[in-house]
Protein chains: 2
Amino acid sequence: MATIKDVASKANLSVSTVSRYLNHHPYISDDKKQRIKAAMKELDYTPSSIATQLRSKKGNTIGILVSRITNPFFSYLVDAIEKEAKKSHYNVLIMQTYDDKKSEMNMLELLKQQVVSGLIMCSVEGDPATIQSYQEFGPIVLCNETMRGSLVPTVVTDQKSAVYDAMIYLADKGYQQIAYCTGGTLTNEGHGRSRTEGFEQALLEKQLPFKKDWIFRQVHTSQDGNDVADKIFSLPKEKRPEAIFTNSDEVAIGVMENMLQRGYKVPQDLAIIGFDNQPATSMLTVPLTTIAQPVAALGTEATNLLLAKIEDSSYEVDQSKLKLSLIKRKSA
Amino acid sequence: MATIKDVASKANLSVSTVSRYLNHHPYISDDKKQRIKAAMKELDYTPSSIATQLRSKKGNTIGILVSRITNPFFSYLVDAIEKEAKKSHYNVLIMQTYDDKKSEMNMLELLKQQVVSGLIMCSVEGDPATIQSYQEFGPIVLCNETMRGSLVPTVVTDQKSAVYDAMIYLADKGYQQIAYCTGGTLTNEGHGRSRTEGFEQALLEKQLPFKKDWIFRQVHTSQDGNDVADKIFSLPKEKRPEAIFTNSDEVAIGVMENMLQRGYKVPQDLAIIGFDNQPATSMLTVPLTTIAQPVAALGTEATNLLLAKIEDSSYEVDQSKLKLSLIKRKSA
DNA sequence: ATGAAAGCGCTAACAA
DNA sequence: TTGTTAGCGCTTTCAT
């Protein structure tokens, strides 16, 4: 591999001149530019971005943390982030947490080591204070996540009112007994807290009953949805909910699959609301009523915000692009 | 940020000793080990992986090229690769090509610059000779792709016979007029060539008719599938195909969606075969007959092969894990 | 078992 | 406008 030194000697110039050329410095005569260009071509020279990074402390890759890339919500988010980052010549390093703190710490260490120049967290597992403290090493932006009382810049939608609206929609349709799924543990912090607040507020306002048997924690996949349906339909008929609010379309699909296999009807035996409006949910056996998230906008806004922080400029998130909407179909 | 030098002076040792400690060198006395450990903790020291990389020429990130991460086939592939890479403490840098050579070249340059220590190409756009030449800078593995006459290590399934089998299945069911979708351009090289060979062989053997109007190129998304259906149903009834072989479930779903909206029946008016066996395809209005790919195995095998090359050892791909299978459902 | 010193490929004062 | 030089943080001979 040719180095800047090789280019310099081939062009009969000093390395600094070549370096200046590389960095589009002004004040460099045209004939030398030509000589440098020729030497580079001849040597098939590519600058070592590792060396540049060590010296200049500037990198061009950003980190993305997601819980599972196979969840379409996250793959669309990553898609938007990668596209937007590429526009500014940044690469993306992806890490899946699978809800494990350890991977999150790995990524935070990459920020500390300057392997990534900034970090978009689309999933947060660890302690807010720890995460916050890593901002010392580079900018962090939370995307579709929040942390209690933290000062980490955040790009979020109003999930609470979206869930509230969906619940009111169910109640107004006459559904009283509503089950609820969350990816989190239903403690005061953590996953899906704002969604749960919307759920609780609607319950309160509409005076709907709340049963522990109708609450399901840490459900994520369609397999989990299947298990949820197993539990619901093993309940005596009069103790079953009339509708279920799920935290993702994948879960909703699992519930539906299980029901259809048992010969139950959607929404007659159990109405289902999904979350995400994933492709194909309009094409299911029973088209899914669900909440659409502005996923591309979340990704681009988070990226622009992060890049602004990395480059010490400022960016105003356009909140008007970040609206959720209830997609009414047949399942509820 | 503390450096190795800071640690050394705090521990009253030379940087070399600290470096040895970092690299788990033998022959280093216990008391010094303790002093170093203490100094590191006190200074909250993390080695700069950039500096290490510059000096040692060894990195720990691998690159992945995919055409679109939102295609579930690729997100599951990335999932498998990331998990497997993580086991050996490698990070993954992802780039989407969106079928554009430029992104592919970007990634190849990252290999040249040693930003990534190796590359898994799950999508290939550029000229084989060019790609092959980049192996000089680091190992490349093709995953679910092939290149005519190239010496790039490859992990693939037998797509040709899977498509052939699916076509025979259709023919045996009585479907004679079969349309065909490809992501490529149907030239002799490039995308989906081996699938097309299976298609052609079945056509020949079963003496099925071939019509240009039934061939669709460069279709990828469900929107493309919708457009394909538009074209088919704008044909006079007697000139329409009886079945369609699509190159992905997304496309198949688009075709189906369009048909149902027009009030046509699947498979009566047009039988559909998908590709990928994506989640939810069993739950569609008309459950989709499709070809399941061993996507997790493709990912882990490609990763193990690449890591072996990076670390100069060898790995034998287990071909028995790489079988395709036809999933028979209602759509064809 | 430990240290001194050279240098990976590049950038950025400082001079000229 | 160009060159000289001193590092960035680390690894790795070569001594001791």
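The values are calculated or read from the model by the stated rules, or taken from the named source; none is laboratory data. Just so you know, these numbers come straight off a predicted model, no measurement behind them. Cβ: placed from backbone, ideal geometry, glycine included. Neighbour counts: every protein chain shown.
Here are the numbers for this structure:
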item	result
Top-ranked residue in segment A:29-67 [being touching an Asp or Glu at 6+ places or on another chain (Cβ under 7 Å) and closer than 30 Å to A:Asn247 by Cα; ranked as modelled with the highest pLDDT]	A:Leu65
Extreme residue, modelled with the lowest pLDDT, among residues of segment A:94-146 that are part of a loop (DSSP other than H, G, I, E, B) and in contact with a Pro (Cβ under 9 Å, 6 or more places away or on another chain)	A:Gln113
Single condition B:Ala51 does not satisfy, out of (1) over 30 Å from A:Phe74 (Cβ atoms); (2) assigned to a loop (DSSP other than H, G, I, E, B)	(2)
From the options A:Ala302, A:Ala280, A:Ala332, residue that is surrounded by 18 or more Cβ atoms within 10 Å (Cβ to Cβ), in contact with a Cys (Cβ under 6 Å, 6 or more places away or on another chain) and of a type in the set (Gly, Ala, Ser)	A:Ala302
Residue among B:Asp6, B:Asp30 that alone is more than 10 Å from DNA strand C (Cβ to nearest atom) and surrounded by fewer than 18 Cβ atoms within 10 Å (Cβ to Cβ)	B:Asp6
Qualifying positions in segment B:170-225 - closer than 20 Å to B:Glu125 by Cβ and within 14 Å of another protein chain (Cβ to nearest Cβ)	B:His220, B:Thr221, B:Asp224
Search result, residues across segment B:278-304 that are under 24 Å from A:Val251 (Cβ atoms) and over 15 Å from the mean Cα position of the chain (by Cα)	B:Pro279, B:Ala280, B:Thr281, B:Ser282, B:Met283, B:Leu284, B:Thr285, B:Val286, B:Pro287, B:Leu288, B:Thr290
Residues of segment B:16-32 satisfying the condition of being closer than 17 Å to B:Asp6 by Cβ and away from DNA strand D (no atom under 11 Å from the Cβ)	B:Lys32
Among (1) of a type outside the set (A, V, I, L, M, F, W, C); (2) away from chain B (no Cβ under 14 Å); (3) farther than 20 Å from A:Asp79 by Cβ; (4) surrounded by fewer than 20 Cβ atoms within 10 Å (Cβ to Cβ), the one test that A:Pro294 misses	(3)
Output for segment B:96-109, where each listed residue is more than 7 Å from chain A (Cβ to nearest Cβ) and either aromatic (Phe, Trp, Tyr) or touching a strand residue (DSSP E or B) at 6+ places or on another chain (Cβ under 9 Å) (or both)	B:Thr97, B:Tyr98, B:Ser103, B:Glu104, B:Asn106, B:Met107, B:Leu108
Residues being crowded, with 20+ Cβ neighbours inside 10 Å and more than 7 Å from chain B (Cβ to nearest Cβ) - total across segment A:73-94	8
